[in-house]
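Read through the structure below, which is laid out as structure tokens, and then see the notes.
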Amino acid sequence: MYARYQLLSYLGSKFQVDEISISNPYARIRQYEDGSINLQDIVKESPADTTTESEVFLFQVDRFALEGGALEGRFSSLGQDSLIAIRDLNIEAAGSYMEEGYSVQLQELAFRVSDTRLPPIDIQSTAQATDQKITLEKLVIGTGRSVLQSSATVNTNDSTGSVSFSAQPLSWRDVAAYVEPVPVQQNLQLELSLSGSPSLFNVGLRAQADGLQKLNLDTQFEWNNTVFLKRAELDIAQMDLEVLTSDSTYPSIREMQLLAKGNVDVLQPQHAQMNGSFSVNRLAQGSYRVDQLTGNFTLAKDELQTNMQVTRQGESLNAELLASRIWSSSPNLLHP
């Protein structure tokens, strides 16, 4: 470890540190069966903070560097084969805590993660933060099969912000290492966005893959002690579920649109109030074909009412579907 600072500045208004550098640090973390971690044995709880405003320690660090860091962790909660290792950890940063506020600049954060369930993962990031704004300029995660990228901005004054995420691609094999079973058997091109404030925010999803030309999903949520879905709009083109899932029992759809508006408590959907419309063009499964399916629906608590028109080979059929207890494991279909 190396440190260079201006000693006399300790007696002034702020302590000036020109550089702090650490080379080749190493740590080993182990989680015990009771869930505790070995680091808890050496880290003591801090006493209650009795610092007054006049005692605040002001400082500026022009350069903080960590090179060649390594960390190994074994976690009982992840199973026996749960060794996670971080190698080639490099950090380049600067920061200050002044009377007008704090400032942190993360010029580089890079490391490689080795997990027994996946190939090595490379992670790189840059970010900066002040009292008014926190910005994740770049976060890149690469596994050799997947490349994930993200950026984000949060305004701390009004709590508004935005987050973007993309996967170009997201390998289904990487997902399978953590999730079983995996319904999709194709690599995905994904874009995810989030914007707004905690009280009202929008979430968007864009997806493409072999067997899926386009999937666009735009939603709006409201948060008021719990999360409510206010609006959802879905647009799908050229979706072949047999290709996507490698299961020949699933159908293909040329086009599909859905629009829904209302109020659905995400945690308690049995109190939902929502209505909307939908349309499906060219639905096919094996030798069965439907040219067009259109309709509208009303959802009131646990009851669903749907009116639809099915068109096949120039002939149309109108139908009405009523269902109750739709949130239970055994919903009831009712005769209109």
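Values in this text are rule-based calculations from the coordinates and carry no lab data. Keep in mind it's a predicted model, so treat the numbers as computed, not measured. Don't worry about glycine lacking a Cβ; one is built from the backbone with ideal geometry, like all the others, and counts go over all protein chains shown.
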Check: Long-range amide H contacts for LEU83: which residues qualify at under 5 Å (H placed 1.01 Å from N, peptide plane, sequence gap of 5 or more or a different chain)?
Finding: THR116
Item checked: Inter-label distance for SER246 and ILE123, nm, one decimal - labels placed 7 Å from Cα along Cα-to-Cβ -> 3.0
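Sorted by mean Cβ packing within 10 Å, highest first, what order do the peptides 213-223, 7-17 take? Write down the numbers at each step before the final one.
Working: 213-223: 15.9, 7-17: 12.5.
Per-residue Cβ counts within 10 Å, averaged per peptide and sorted highest first, yield 213-223, 7-17.
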Check: Among LEU194, THR156, LEU170, which residue has its Cα positioned farthest towards the positive end of the charge dipole of segment 76-199, with +1 placed on the Cβ of Lys and Arg, -1 on the Cβ of Asp and Glu, and the dipole taken about the Cα centre?
Finding: LEU170
Item checked: Listed values [x] 24.3, 74; [y] 27.1, 91; [z] 23.7, 84, entry calculated as Rg and Dmax of the Cα atoms in Å -> [y]
Next item on the list: Give the Rg (one decimal place) followed by the Dmax (whole number) of segment 165-275, computed from C-alpha coordinates and expressed in Å.
Entry: 15.9, 44
Checklist line | Karplus-derived 3J(HN,Hα), 6.51/-1.76/1.60, for each residue of segment 10-18, Hz, glycine and proline x | finding: 4, 8, x, 6, 8, 8, 9, 10, 6
Item checked: Highest-MSF residue in the chain out of ASN90, ASN157, ASN24 [GNM, Cα springs under 10 Å] -> ASN157
Next item on the list: Under a 10 Å cutoff between Cα atoms, tell me which one of SER195, SER151, SER248 has the largest fluctuation in the Gaussian network model of the chain.
Entry: SER248
Item checked: Cα-based shape type of segment 188-336, given that a ≥ b ≥ c are square roots of the gyration tensor eigenvalues and the cut on a/c is 1.5 -> oblate
Checklist line | Rough spin-label spacing in nm, given labels placed 7 Å along Cα→Cβ, for LEU7 and ARG289 | finding: 9.0
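Could you size up the charge dipole of segment 266-336 around its Cα centre, putting +1 on the beta carbon of Lys and Arg and -1 on that of Asp and Glu, and report it in debye to the nearest 20?
Dipole about the Cα centre, nearest 20: 160 debye.
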Item checked: Proximal lysines relative to LYS301, as straight alpha-carbon distance under 28 Å, when same-chain residues fewer than 8 apart are discounted -> LYS230, LYS261
Checklist line | For segment 261-336 versus segment 160-218, the gap between their alpha-carbon centres in whole angstrom | finding: 25
Item checked: Calculated from backbone phi, Karplus (6.51, -1.76, 1.60) coupling profile of segment 293-307 in Hz, x at Gly/Pro -> 9, 10, x, 9, 8, 9, 10, 10, 6, 10, 10, 10, 10, 10, 10
Check: Given springs between every Cα pair under 10 Å in a Gaussian network model of the chain, which of THR135, THR311, THR126 has the largest fluctuation?
Finding: THR311
Next item on the list: Provide ASP158, ASP265 in ascending order of the number of other Cβ atoms located within 10 Å of each residue's Cβ, fewest first.
Entry: ASP158, ASP265
Note to self: Using the Cα centre of the chain as the reference point, and only Cβ charges (+1 on K/R, -1 on D/E), how large is the resulting charge dipole? Debye, rounded to the nearest 20.
What the structure shows: 820
